Amino acid sequence: MPQRERYLFVCTNRRAPGHEKGCCMERGAEAVHLALKEQVKARGMAKVQARVCTVSCLDQCSAGVTILVEPDHFFYGRVSLADVPEVVESLASGSRVERLVLTPEDLAKS
Ligand code: FES
C-alpha cells in the first residue's frame, strides 16, 4: 500500500474508571476513530490522502479526545463525533480546523 499524504493517530487509550487523568476512550475516542475511518473512506481519500490509525496515550490527556496529525505535526484536541466531518473536510482541502488545534498553553497543561 502506498504511503499516505497524512496520518491521523487517534488516542484510544483506556484507563480504569475514576483515574485522575481520565482517558480518551471514556470521552468517545472509539466512535471518533470509526467515524473518521468511515468518512475518509467514503470520500475516496483512504488510499492516497489519509490513513486513520489508533495509538495509545499521546500524553495530552486533559485535552482528549486527541489526534496527532503527521507529517504536519500538530494535535487536535477535545474532538467529538460532531467534529469529524469538519476534520475530514480539512484533510480534503489541505487545511486544518483551527478551533481544535491544541495551543502551546494546552500542551503545557498535559
Ligand atoms: S489518554 Fe489520550 S492522550 Fe492520554
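A few points about this structure:
- Counted charge near residue 94, where neighbours are those whose Cβ lies closer than 12 Å (Asp, Glu -1; Lys, Arg +1): -1
- Take every pair of alpha-carbon atoms less than 8 Å apart whose residues are at least six positions apart; their mean separation over the length of the range 6-109 yields a relative contact order of 32 percent.
- 0 to 90° range, to nearest 10: angle between helix 84-93 axis and the chain longest Cα axis: 40
- Helix 29-42 axis versus longest C-alpha principal axis of the chain: approximately 0°, rounded to the nearest ten.
- Checking every one of the trypsin sites (Lys or Arg not before Pro) in the range 71-110 against DSSP loop status and a limit of 10 other Cβ atoms within 10 Å picks out no site at all.
- Where GluC sites (Glu not before Pro) fall in DSSP loop in the range 1-49, at most 11 other Cβ within 10 Å: 20
- Inter-label distance, nm, simple model (7 Å from Cα along the C-beta direction), residue 43/residue 74: 1.6
- By accessible area, using a 1.4 Å probe on protein heavy atoms only, the chain has 52% of its surface on carbon and sulfur.
- Computed over protein heavy atoms with a 1.4 Å probe, the accessible surface of the chain works out to 56 Å² per residue.
- Compactness of the chain, taken as the C-alpha radius of gyration over 2.2 N^0.38 Å, stands at 1.02.
The values are calculated or read from the model by the stated rules, or taken from the named source; none is laboratory data. Predicted model, so just to flag it, every value in this text is computed and none were measured. Neighbour counts are summed over all protein chains in view; Cβ atoms, including those assigned to glycine, are modelled from backbone coordinates with ideal geometry. Just so you know, the surface numbers come from the protein's heavy atoms only, side chains and all, with ligands and any DNA or RNA stripped out. Shrake-Rupley method; radii C 1.70, N 1.55, O 1.52, S 1.80 Å.
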